[in-house]
Each structure stands twice: as structure tokens, then as C-alpha cells.
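Any read-out appearing in this document is the output of simple, stated calculations on the displayed coordinates, not a laboratory observation. Quick caveat: nothing in here was measured; it's all calculated off a predicted structure. Here Cβ is always computed from backbone atoms with ideal geometry, including for glycine, and neighbour counts include all displayed protein chains.
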Amino acid sequence: MALHYQTEYRLGSRGRICRSYTGYQAFVAIVLDLFFGLTFELVATAISLLVRLAVLMVQVGVEFLRVNWKILVAATTLVVYVLTLPFALLHQAVDRLRPGTGHGRLEPNAAPASILKPDWALGREV
């Protein structure tokens, strides 16, 4: 039994191209055809599954956020507080190290408290 492999394809305006192989060349052509066909099919399937998985993850995330909005707000608040904590501690440390201002003491050049507006005055009259 002899191996025979025949393929036909078009290459632009050159028309139809026919190739025929027999024997060892046919065996190599069949193996390469099967290999590349399976490889491209597996890559296309993997990409399709990844896209479906990404869409599903987005849908699950949206549903989770819709159901657990308060948890999301609390988690975001926690993240903001954790990220800003070093800066707040740094400001407190600098205030303690500054002479004459730490531990609740007022600066000598501190501005007096603002004067309250009377209840009867309009904003443009003061």
C-alpha cells in the first residue's frame, strides 16, 4: 500500500495550485498536516476558553458587587486607611519633633479662633 497525499489551494490571483505527494514525502506531509491542524485547533480552543472564562469572571464580579456593595465599601475604606496610615504616623512624628508644638501645645503665632457670624446677618452683609 502506497501513501498518497494531495492538496489544493489558491494563492492570490495566480489561480489554483495542486500538489501531490507519494511515499515518504506523503507521510511527512500527512504528519505535518495533522500536527499543525491539531496545534491550531488546540490554540483556538484555549483562546476561546480563556475569553469565556474572562467574561464569566466579569459577570461573577459584577454580581458579587451588586450583592455585597456594603462589603465593597468597607473593604475600600480599609484599603484607603491602610495606605494612608504611614503618612498620618509620619505627620504625628514630625509634630512631636517640632519644638513647642507637640502634645497639644499651641504655637506662639497661632491665629485666633474665627469670629462667628450673627444669626440675623446675611452672607453679603458681613
Expressed as a whole number of Å, what is the distance separating the alpha-carbon centroids of the range 1-40 and the range 65-92? 62 Å
What would the Debye formula give as log10 I(q)/I(0) at q = 0.19, 0.26 Å⁻¹ for the alpha-carbon point model of the range 1-64, no solvent? -0.84, -1.01
If r is the Cβ-Cβ distance from residue 65 to residue 41 and R0 is 35 Å, what FRET efficiency results, to the nearest 0.05? 0.45
